[in-house]
Amino acid sequence: KELYKEISKGKSFCESDEVLPTRADIATVYKFLRYENMCGRNMFSYRDLRCAMYEQQKISISCIKLRFIIRILSEIKVCDIEEFGDDIFSLDVCKNAAKTNIELSETYKRLEAQCKV
């Protein structure tokens, strides 16, 4: 959580830190959340979401990367997200979300700039 906060404030990080999500990471999380949402699940903790993604589909994403993916999905308006404290959030996947470019997300652009290769 501390590293997430530091990076959110502008701290640089390395590619090996597993922070910067790829387009594929974002799409994978979106598809998983869309399925969960269709099944009536819309309240998550980041920890439980990570566990469910791994148990159900062997998707392994670092907690910090997952937090940034959720923020990016909200910014590009494919999900409505409401946070409750540090770890719990509710999510509604927009039913008719158009395909969009992740570079429209300020968070994504900022993370790209902060990442040291």
Residue pairs meeting the criteria (Cβ under 7 Å; at least 6 apart or on separate chains; first within 24 Å of Lys5 (Cβ to Cβ), in region 85-110; second loosely packed, with under 14 Cβ neighbours inside 10 Å and at pLDDT below 85): Asp86/Lys1
Sole residue being in contact with an Asp or Glu (Cβ under 6 Å, 6 or more places away or on another chain) and of a type in the set (D, E, K, R), chosen from Lys31, Lys5, Lys65, Lys9: Lys65
Residues of region 14-51 satisfying the condition of being hydroxyl-bearing (Ser, Thr, Tyr), closer than 21 Å to Tyr108 by Cα and touching a strand residue (DSSP E or B) at 6+ places or on another chain (Cβ under 9 Å): Tyr30, Tyr46
When residues of region 93-117 are limited to those that are modelled with pLDDT under 90 and of a type in the set (D, E, K, R), the one nearest to the chain's Cα centre (by Cα): Glu103
Thr107 part of a helix (DSSP H, G or I) and either more than 21 Å from Ser8 (Cβ to Cβ) or touching a helix residue (DSSP H, G or I) at 6+ places or on another chain (Cβ under 7 Å) (or both): yes
Which numbered condition Ser90 fails, given (1) open to solvent by less than 50 Å² (accessible area, probe 1.4 Å); (2) in contact with a helix residue (DSSP H, G or I) (Cβ under 9 Å, 6 or more places away or on another chain); (3) under 21 Å from Arg47 (Cβ atoms): (2)
Helices (runs of 4 or more DSSP H) lying entirely in region 1-81 (those with 1 or more residues that are open to solvent by 50 Å² or more (accessible area, probe 1.4 Å) and farther than 19 Å from Thr100 by Cα): 2-8, 23-38, 46-57
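Residues are listed down the side, and each one gets a yes or a no for (1) at pLDDT 90 or above; (2) within 17 Å of the chain's Cα centre (by Cα); (3) over 14 Å from Ile61 (Cα atoms):
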residue: Ser12; (1), (2), (3): yes, no, yes
residue: Pro21; (1), (2), (3): yes, yes, no
residue: Ala24; (1), (2), (3): yes, yes, no
residue: Ala27; (1), (2), (3): yes, yes, no
residue: Tyr30; (1), (2), (3): yes, yes, no
residue: Tyr35; (1), (2), (3): yes, yes, yes
residue: Cys39; (1), (2), (3): yes, no, yes
residue: Met43; (1), (2), (3): yes, yes, yes
residue: Arg47; (1), (2), (3): yes, yes, no
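The values are calculated or read from the model by the stated rules, or taken from the named source; none is laboratory data. All values derive from a computational prediction rather than experimental measurement. Note that each Cβ is placed from the backbone with ideal geometry, even for glycine, and that neighbours are counted across all protein chains shown. The area values use the complete protein model at the heavy-atom level, side chains included, leaving out ligands, DNA and RNA. Shrake-Rupley method; radii C 1.70, N 1.55, O 1.52, S 1.80 Å.
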